[in-house]
Structure formats: structure tokens, C-alpha cells
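> Structure in C-alpha cells, see below.
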Protein chains: 2
Amino acid sequence: MSPKITTELLKQLRQVMKSPKYVQEPVQAYIVPSGDAHQSEYIAPCDCRRAFISGFDGSAGTAIVTEQHAAMWTDGRYFLQAAHQMDNNWTLMKMGLKDTPTQEDWLVSVLPEGSKVGVDPFIIPADQWKRMSKALRSAGHDLVPVKENLIDTIWTDCPQRPCKPLITLDLSYTGVSWRDKIVALRSKMAERKVLWFVVTALDEVAWLFNLRGSDVEYNPVFFAYAIIGMNTIRLFIDGDRMMDPAVREHLQLDSTLEPEFKIQVLPYGSILSELQAVGAGLSPKEKVWLSDKASYALTEAIPKAYRYLTPYTPICIAKAVKNSSETEGMRRAHIKDAVALCELFNWLEKEVPKGTVTEIIAADKAEEFRSQQKDFVELSFATISSTGPNGAIIHYKPVPETNRTLSVNEIYLLDSGAQYKDGTTDVTRTMHFGTPSAYEKECFTYVLKGHIAVSAAIFPNGTKGHLLDSFARSALWDCGLDYLHGTGHGVGSFLNVHEGPCGISYKTFADEPLEAGMIVSDEPGYYEDGSFGIRIENVVLVIPAETKYNFKNRGSLTFEPLTLVPIQTKMIDVNLLTQKECNWVNDYHRTCREVIGAELERQGRHEALQWLIRETEPLGRVQ
Amino acid sequence: MSPKITTELLKQLRQVMKSPKYVQEPVQAYIVPSGDAHQSEYIAPCDCRRAFISGFDGSAGTAIVTEQHAAMWTDGRYFLQAAHQMDNNWTLMKMGLKDTPTQEDWLVSVLPEGSKVGVDPFIIPADQWKRMSKALRSAGHDLVPVKENLIDTIWTDCPQRPCKPLITLDLSYTGVSWRDKIVALRSKMAERKVLWFVVTALDEVAWLFNLRGSDVEYNPVFFAYAIIGMNTIRLFIDGDRMMDPAVREHLQLDSTLEPEFKIQVLPYGSILSELQAVGAGLSPKEKVWLSDKASYALTEAIPKAYRYLTPYTPICIAKAVKNSSETEGMRRAHIKDAVALCELFNWLEKEVPKGTVTEIIAADKAEEFRSQQKDFVELSFATISSTGPNGAIIHYKPVPETNRTLSVNEIYLLDSGAQYKDGTTDVTRTMHFGTPSAYEKECFTYVLKGHIAVSAAIFPNGTKGHLLDSFARSALWDCGLDYLHGTGHGVGSFLNVHEGPCGISYKTFADEPLEAGMIVSDEPGYYEDGSFGIRIENVVLVIPAETKYNFKNRGSLTFEPLTLVPIQTKMIDVNLLTQKECNWVNDYHRTCREVIGAELERQGRHEALQWLIRETEPLGRVQ
């Protein structure tokens, strides 16, 4: 991996930073954030501007270029990678280390008095703008919006913004028509006394209209915005994909419709001017609802007095609570996904001892088995296929330089998932194809105890997920072990594999309360640097629980695993389990055998079925 | 309880709201918050201004008086009490109910255009001012500081501000001299590059100077402020108490001292002008450190650019970590406290069946036994002595109207504590003097399991207390039960019984990480409205734990109970305990018997000793 040579690019960028063609006044610094205009976690190649200018292509990082300097802020996951990928023009700012300055402090220390700092107002979220603008202003500088993205002006071979065909989802997948979703949204708007709602997140647009796309890898979304009024629907989307008869039919574009359900299709690029027009036409007390993570550009389009900003939009919250059609779809997707993984693990069990299976081969094989399943669309994220010490790198993705061969002497960790038309999966299993050491089994068993503690937890309706996080750690803590990531994230329904507003993590306090129908992951782990990684992850559905006293009718909740893939019993030290935990494992494996066994049988996958039966033998308690 | 007639008072208040003698311009509304100028939880009679104007004397509530209206905001604990204590001039605003307007919204709805809303700038915390001022401004009104407290101008028989003698604490109690505390504070100031620190909380002043007072009931504090510079110490305090030779000697007021330790004593009322002088003399980059909960008046004395505000001050954090002298003092205090409670419970066991013991008599008896102990100063809060249905009222305090007689048919809950010169106690025990029902035992045992889960928890150094809260609820949750309060609060060392910055509660995310030497309460409960209340509370010390793997040298923590009072085994359903929990109870009782037994013996309290021995018999596991 040799660094990208950026001398010429930086020279060009510094020129356009002074060019009256692009900036009203020269800017002395230009900020290049990671994101796209929708604050997406995964971005399209055309939005990888920070990677283009610096060479560093990790998922998180902010570049700032001044007349003299070029600096990159990233976190601990990426210190090594960024150092390898960037040339000497760049200074690496290691976030989280004590002596690393913040972007604001660094700017103040290097800029000449009264400087202008430029940023693309579409890429920077409003809250971030506010913070940085305030810090710069108090030091005598100015943060200024630069309309034309300066990277784009020098990125001659910038890939086109993707504009792939859309998939329409009918009621059997979505359970609710887009019209009914609009009705529900308008009723939420009426409750909060807002007249307009601006949909800026890509998964929210997709969910609202029951459409999917493939503009961004792993996330079945498409570039679009929407503005919903009490009587109008405006969808901002490019390309001839709206010419597709199936899409026109789905959105009833050519039907005679009540005017309040008539969708006006507008160019993607016209969102700002349309929103400005909305903003200009407001009377006092008329409000426009936006996510507080929407871009500065869109937020500014609405005069401050008319903005209604919330951390979670009504769509985000509605989307998180899956209806029965979505839940059933998720169940089907997880059954198919389990079939693929039974095939994979059966295959690995035979092939690993031969010493020919690398991490990349295993990941490809997993994708191959998944792609054989009905309604498979793509993977839901880059497969983490890691053996031995690579397993301790939490966000590892095998590349030729690091690719390791699986063996009977090392623990293998596979964190993978897929998009099916009926649901999204995300599962981690940790396997040993030889004989695990007592220490490896001990650690695995603590992680399993944590996984079970969350999965079997019973809690009152309205409990926030972060209150469950410590349950996952208690067994590890008792022995002085821990893991440095959250325990779970929300999962979309044939949508983003990571979604808000719920989750299970010690890191946040702003999650929304769990309610029946929400779907989250349960994935505690343990990582021994340089040796191995362990993680056990199921996707689980929040369901009503039966309790003796039912919280005085407040209602009880618990989780039901949607993921049905055996947990390797060879890795379990049964003596460390309580009888209750032992029963949980046996019950879980019985369900795996019944549900996945029937599907393997149906698909005629007899060898994998035999593997499943072997792997779901009940645990015998030793004491 | 008949309501206070406030017609005349409100008339007077409305007059002074327009009187040029007190206000520059008439104010159309006047806010009367609960607190004092130090944001104290417990306040002195002269600060009970809201109670004076309204009649409502609960611990939380804000009154707002306009030309036409008088309204009182309070929370669910006080709806009934406020309704009883206030006359028809007042509208009760029930906080937490859906239709109750916020103070800001209500003001906006009732005020004529362009109104002025007055408030005493010493009583309102800066953050609250900011929020309210913003809301009013955006509706065209103004929040204005009214220097003279308008309630005080009409409160003709207002009690004097207390000015009681001070207690000096020597090194055997405090472990660290006030000089060394000043040195440590200045080093924290240097770290943060601030030149001045303003001490506004009463317990912080008391802790810093190793002085105690009795200006406020239950809290051994005195009215004072301090401003600490890098070379100066200014103490703002009234009365002739600084003439006391012991105090002069303690503070070395008459000694030849290095100038940076020379204490300048100034009148309490001169804090504002002195702070304004400090503010006026600052050069760029010179900062003044204040709590973000300090009053608006003091915060405003420092120009905005020079303020350094934090939620927890360095004193608050240092005070929370007890040194070995303080810890030893707390141990001694808890031993004495346990002796008093053994006497009490032994006495109750004999007297309750006679039907002559009321809640008030029991509370008084508890105080009597405590007052017999060495270095007893006063109670640390109003005793919660409650039997039967009264136990379900979480903040109950017996008064003649509610006073119930203890019986062999009801559960009795006693939450009480004291201030001793060597430490502060706070303990809750739930007892039955007859035969508890199976359901009562079941609930008690779940609460006990929660208590043990927290007390025995092992967790990595740096864990915040709120992450432990769910451990206390897990056993209750499993059966569909819960309690609607936090699990623990910080406890001062011969200081306030509630102190920051640590605690164990689902409600906060802003607590500081737990570290060895911190002291918190562990007090889960269960409350059955109209029937009974159960709570089991120990004060526990955070101590290093021994674990197998010690979090890779990050270090492990756990708790050691300081409270050593038997937990009534009659209330325990042993079948619901695990072996580990059973062992915990037996170990705890063994320690109670050894430590408290020895002290009872030493004090010649033989009957109470026999009671202790009976109550600490080991649990036999049934299965």
C-alpha cells in the first residue's frame, strides 16, 4: 500500500480556494468532511471527496487544507491505515489522544488573523456548523459556505452520481402503503403543529415511498429528497428511473388521485430552491420540521423562527417499529441467511484442515451461499472474515496484504450479513475448527453469558436500550474483562443494517425507548490484541413478555432471536453456565434445528442439515 | 391543613412589582423559584420565599405571579399537598402531565405584548436564566433581573439569615489541611489555565476550609462564598463567628503567613461587587472558573469571554473521593449509627405489639438513640418513618395528620440518618414485627437481590454509576415489578447527605466515573400503592476489586458496605436467592455481628446485642 501523491492536487485545491470563479472571497482554509449531503454512514464513490484529496479512504475522517498545511483527523481504528495511505503533505491528527488539537483549535493556531474557512454547506450537518462557526468567530475568523464543492472542481475523473433503477415493494413486504405512511406522517405533523416535513436521510425517503435502490453499496437506497406538506408531496430525484412503468404505477403518477396524494417529481438538485420558496412563503407560527442532522444548506433555507428540529424524525421512529409484514419478512430472510451459513460452516469444517481457505476465500464463499437464496440482493456490509490476531481488529476487512489462512489452531470470527428483498441480516459467529484452549473457551463463555443476559432480559415497556448494555458485560466484568464497543444497533427491514433511533450501548443517552416490533442486534465480544477476537451476534426482535405482575399494566418486553445459526458448543465451558443459561442455549439450538432444519430439508441441502443436527446437540451440564 | 390566605400578600407583591423604589420599570410577572443563592437542596427558613407567598412548602416548586394570575408549578410528589396548602388565588400547574404548559409557554399565553418578567438574579441558576430568557425574547418579552428580592420587601416578619457558630475540623477528621486543598485546587486551575475560581455551593466552601456550620437544617454548612485566585483567598462570610479564637486559629487569620495563604475575610453581601472587580480587571485569555449552576448574578459578573463553566467543579470532584481519614471517620459514624438502630429495632420489637408506637414516636426514638452516640450533631435529613400504605409514599415524613400506629400486621419502613462529627449516615431498613405474607416476602427478596447485585458488582475503573442502575432492577423486572426512583446518590463526609458528582441512576448520563474512595448509597425498593413500601439501603464505599484478569491493568472496582445493620431475614424468601446471594447475606451478617457486636458490648448495650445476634443468624438454604 503506497501513499497517494497529493502535491499537485493540493496545489490545485489551493488555487480554487482563491479563485473568484468559485469563492466570493478567497478562503484561507477548506474543510473536507467524510459524509454526503444526506449524512449517510455508507457513501457513493462520487462522495468520497476526502479519500480523493488525501488518499485516506477509511470510513471516518475530516481533512482540512490551508495555504500552508494539510491535516487529517481520524480515530484510533484508522491511525495506521491513514499513515500508510497519505503522503508527506499531510499531518495525521490522532483523535482521542491527549495532545491532539481539535479542528477548531488547530485552525485558530495556524490561520492568519481574520481568515475565512470554507466548507460545502450541503455536506456539513447544521449542528456541526454551529459549533465550528461559534469557535471560529470567537477567534476572529469566519466559517463561510462555499456553494460549489471545491474538490469537485478539481476532481476531473469524478465518478457520476449513481442513478440506478428502483425496486418497488408491494404491501406483502411493507405492510403499509406509501399513502398510509403519508397519512400517518401528516398526523404526526399536525400533532406538532408543523406544516412541512423535509425528508433528508436516504433510508427515510426509501421507507416512506416503499421504494429501494442501489445507489450506495450495501444500503438499498437511492439519491433523493422529499418535502411533505399537508396537501402536497414533492419528491426530488434524478434520472429516467421515474420513467419505469412499475415505478409510475407504484407511485400512481399517472392516475387521477386526490390532490393531497399527487406526487410532484422534481430534479434532485432543485431541493434547495424549492425549500427556500417554502421558507419564503411561511406565515408566523408556521413551522418546517427537519432532522437536526440535516445539512446546513437545507436548514438555513428555512428562517430560524420557522424551523422545528428534532434529533429523530417521525419517519425514523415509525421505521424502527416493524409491522407484521416486515417482521415476517425479516424472519424469512434470517432463515435463508442461516441456510447459507450452515452450508458455509459445513464447508469450512471440511476445507479448513486442508490449509487452503483464506479469510477472503471464506468471505467469498459466504457470499456465494447467500446469493443462492431467494430474493438475495447484495451484502448488507463488507464481510468481516478474520482469523487469529486479525479477529481482534474490530472493524477488520480482509485485503490481500492482511489475508490470513484459516487453520485448526486459531479462532475464526465471521461477521456478515445480506440484503434480501424481504429483510436485512447481520450475524456474527466465532468458530474453532480444531481444539480451543481453556482460556479461549472461558472468554467465549463469558461473551455468551452476556449475549444471553441481554437476549433473555425482561424489562418494562418504555425502557431505553442503553439501560441493558451492562447486562452484556456483567460476566466479563466479574473476571476483569470488557469490550470497547456498544452491544447493539437498530437494523432496517431491507434497509440500512445500522439505523436509529434505538440501540444498546453505554455510549448514548439519546436513544428512543424500546417497543415491541423494534429490531436490534445483540453482539457482545471480547478481543485479545495480537491473539484472537470473539463476538456472538444475533439480530433480535423486541416482543411483549409474560411476567407474573406485568409492571401494573405498563407491559413487559423481551427479545426473540431472529438469527437462527448454531453457536459453537465446542467453544462453551459448560461449567461456567447457570442452569438457566444452559437451558437458553438448548432451547435456542432446538429452534435452530427445527426451523432451519426444515428449510435445509426443503432445499435438499442434506450435508448442511447433518452439520446442523450435529451442531445443535443439547449441552450436557457437567455439574 | 387549611390553605394560606394570600390575597393581601399578592396585592402587596403586585404593588412592589410596579414600584419605582424596587424596579427600574414595572414587571408584569415575577418568578419565585424554590432555591437559595447557592442552589442548595435544603434551604434556610429565610429562603423559603415561595412557601411564604403561596403557602405551599414542598421541597420543589416555582411560583409565578402576574397582574392577573398566580400559578405554581410542582411535580407529582406534591400535587395533593400543594392543592391543600394554597388558596383560590393560585392555579396549580401539574408538571409531568401532558396538558400542563411550561412556565415559558404559560407566560407567553397570559402576558400583554412586550412584557417584562422579573426574577431575583441571585436565586436563578445561569442555565435556567438562559433557557427562559431565550423563550421569552423570541415571543417579544424580556426576562429582567430585579436586584432587590420583591418577596423580601413584603415579608415583614422574615426570619434572619442564620449565622450560627462554626465547627473547625482538624486533620484527624479531614485528612488534608485547607492549605493543601487550596494548593491542589490551584494546580487544577493551572491545568485548565484559569486564574480564578469562585466557590458558590455551601458544601464546597465548608469542605475547602475544613469548617462546618449549622445555618441549614440537616446540612452542616454555613452561608459563605469564596473566590480563590492563584495568590489570594477571599472568604465572604457574615457575623461575629470569625471572631471565634478557634476559627481564627484554624484559618491562621492572625499568623504571619505566605501571602498566597492569607485569607481575606469579607462581608457575605460583597461577593458581587468583588467578583465584578475581578471581572473588570481581566486581560484577554484570563479565565474565571464557575459552576454552570451558579446564579445568574454571579455568572454575569464575569464577561462572557472570560467565563469557564463546568457542570462539576474541581472541589465537587475532589470532595467526592474520600481520603483514608474521611473513610475511617465514615466507618466510625456507621458503627455508632448501627448501634443506635439495633437499640431502636430491639425496642420496636418489644413495643410495637403493644400498639402504642406511632411513626412519629418511632422516629423520635431513633433520634434519641442516635443522639446518645459520640460526636452526634443532628439528623442528616427528615426521618422517613412509615408503616403500611404510608411506606408507598416515597418521600413520606410523618406529621400528626398522617401519623399511623405501627402494628404486627404491616410492613414498617425506616429511612433515616445522622450527622456525626466524623461522618454522615443514611440507612433504610424494612421490617415486619409480625408475620409477613408470601407476597411481601417475595417483593422484599427481589429488592434484596437488586441490592446485592449492585453491592457485589465488579466493574472496570472509570465506569459511571448510571451503568449499574439496571443491575438493581433485574430481579424485579423478571417478575414485572419496578421502582420509580434512582438507585443511589453520593454521600458527603459530615456534609450533605446528597452530593454529586457520582450516583447510580437511570436518570442521568452526566455523572462522573466512579473511583475508589467515593461513597454512594445502594437503595433499590418496591412500592405497592395503598399497601406497603420496601426499600433496602446501605451506604457503600467504592474499593478496588480483585479480579482474575484485572481489565489489562485498567483496574477493577467494587463496593464495601459501610452500613452494618441487619437485614431482616424474616422478610427473605430463601428459595428465591442463589447460593451466591445467600452467601452474601450471611457474610454481611457475620460482619455486622462482629463489628457492631463488639461496639454494643463496649457500650454495655447487652439487650441490643442479643437482638443483633438473633437477627444475624445465618440463612439456611432450603433447596
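> Could you tell me the distance between the Cα centroids of the stretch A:318-372 and the stretch A:417-491, to the nearest Å?
19
> What does the convex hull of the alpha-carbon atoms of the stretch B:167-319 project to on average, in nm²?
Seen from a random direction, the Cα hull of the stretch B:167-319 projects 8.9 nm² on average.
> Still on this structure, I have one more. Which residues of the stretch A:478-515 bury at least 40 Å² of accessible area once all protein chains are present, versus their chain alone (1.4 Å probe)?
Those are A:ASP478, A:CYS479, A:GLY480, A:TYR506, A:PHE509, which lose 40 Å² or more relative to the chain on its own.
> Compute the label-point distances linking A:GLY96 to its equivalents in the other copies; points lie 7 Å from Cα along Cα→Cβ; give nm, one decimal, shortest first.
4.0
> Can you give the extra length, in nm with one decimal, that the chain gains between B:ASP244 and B:LYS374 once fully stretched, where that is 0.36 nm per residue apart less the Cα-Cα distance?
This chain segment gains 44.4 nm when fully extended.
> Any idea how far the Cα center of the stretch B:1-32 sits from the one of the stretch A:117-140, in Å?
46
> Still on this structure, please answer the following. Please calculate how many Å² of accessible area the stretch B:135-207 carries per residue, with a 1.4 Å probe and no DNA, RNA or ligand atoms counted.
Accessible area per residue, the stretch B:135-207: 48 Å².
> Between copies, how close do the B:SER273 label points come, placed 7 Å along Cα→Cβ, listed in nm from shortest?
6.5
> Along the axis that rotates chain A into chain B, which residue of chain A has the nearest beta-carbon, and what is the gap in whole Å?
Nearest to the symmetry axis by Cβ: A:PHE509, 2.
> Once you sort the root eigenvalues of the Cα gyration tensor of the stretch B:469-522 as a ≥ b ≥ c, which label holds: rounded (a/c under 1.5), prolate (a/b larger than b/c) or oblate (the other case)?
The shape class here is prolate.
> Separate question: Compute the long axis of helix A:606-615 from its Cα atoms, compare it with the longest principal axis of the Cα atoms of chain A, and write down the angle in degrees, 0 to 90, nearest 10.
80
> Determine the shape class of the stretch A:6-154: with a ≥ b ≥ c the square roots of the Cα gyration tensor eigenvalues, call it rounded for a/c under 1.5, and otherwise prolate if a/b is greater than b/c, oblate otherwise.
Since a/c stays below 1.5, the shape of the stretch A:6-154 is classed as rounded.
> Based on DSSP loop calls and a cut-off of at most 10 other Cβ atoms within 10 Å, the longest stretch of chain A free of exposed GluC sites (Glu not before Pro) is what?
Formally, the longest exposed-site-free interval is A:114-400.
> Separate question: If you fit an axis through the alpha-carbon atoms of helix A:469-478 and take the longest principal axis of the Cα set of chain A, what angle between them do you get, 0 to 90°, nearest 10?
That helix lies at roughly 50 degrees to the long axis.
> Quickly estimate the mean residue ellipticity at 222 nm for chain A, helices only: each DSSP H run with n ≥ 4 gives -39500 (n - 2.57), and the total goes over all residues, rounded to 500.
Calculated at 222 nm, the ellipticity per residue is -10000 deg cm²/dmol.
> The stretch A:27-63: which chymotrypsin sites (Phe, Trp or Tyr not before Pro) are DSSP loop and have at most 16 other beta-carbon atoms within 10 angstrom?
Answer by residue number: there is no such site.
> In addition: Just the accessible area per residue of the stretch A:1-52, please: how many Å² with a 1.4 Å probe?
Accessible area per residue: 49 Å².
> Another question, if that's okay. Can you give the FRET efficiency for A:GLU617 and A:ALA280, using 1/(1 + (r/R0)^6), R0 = 41 Å, r = Cβ-Cβ distance, to the nearest 0.05?
Calculated value: 0.05.
> Which of the pairs B:LYS193/B:LYS304; B:LYS193/B:LYS285; B:LYS262/B:LYS304; A:LYS336/A:LYS580; B:LYS365/B:LYS397 have their Cα atoms more than 18 Å apart in this structure?
Where the Cα-Cα span goes over 18 Å, the pairs concerned are B:LYS262/B:LYS304; A:LYS336/A:LYS580.
> How much of the accessible area of chain A, in percent, comes from carbon and sulfur atoms when a 1.4 Å probe is used?
Ligands and nucleic acids excluded, carbon and sulfur give 52 percent.
> Among the trypsin sites (Lys or Arg not before Pro) within the stretch A:298-381, which fall in a DSSP loop and have no more than 12 other Cβ atoms within 10 Å of their own Cβ?
A:LYS374
> Could you tell me how many degrees, from 0 to 90 and to the nearest 10, lie between the Cα long axis of helix A:324-351 and the main elongation axis, the longest principal axis, of the Cα atoms of chain A?
60
> Whole angstrom only: what separates the Cα centroid of the stretch A:510-550 from the Cα centroid of the stretch A:198-267?
Measuring centre to centre over Cα atoms gives 33 Å.
> Hey, with R₀ at 35 Å, roughly what FRET efficiency would B:SER187 and A:GLN81 work out to, going by the Cβ-Cβ distance, to 0.05?
0.35
> Which distances, shortest first and in nm, link B:LYS130 to the matching position in the other copies, using label points set 7 Å out along Cα to C-beta?
1.2
> How high is the relative contact order of chain B, in percent, counting Cα pairs under 8 Å that sit 6 or more residues apart?
Result for chain B is 10 percent.
> Could you work out the relative contact order of the stretch B:6-154? I mean the mean sequence separation of Cα pairs under 8 Å and 6+ apart, divided by the number of residues, in percent.
27
> Assign one of three labels to the stretch B:163-228, namely rounded, prolate or oblate, based on the Cα gyration tensor with a ≥ b ≥ c the square roots of its eigenvalues; rounded applies when a/c is under 1.5, prolate when it is not and a/b is larger than b/c, and oblate otherwise.
Because a/c hits 1.5 or more and a/b fails to exceed b/c, the stretch B:163-228 counts as oblate.
The values are calculated or read from the model by the stated rules, or taken from the named source; none is laboratory data. Since this is a predicted model, take the numbers as computed values, not measurements. Because the Cβ atoms are built from the backbone with ideal geometry, glycine has one as well, and the counts that use them run over all protein chains shown. Heads up: the accessible areas ignore ligands, DNA and RNA and are worked out on the full protein's heavy atoms, side chains in. Shrake-Rupley method; radii C 1.70, N 1.55, O 1.52, S 1.80 Å.
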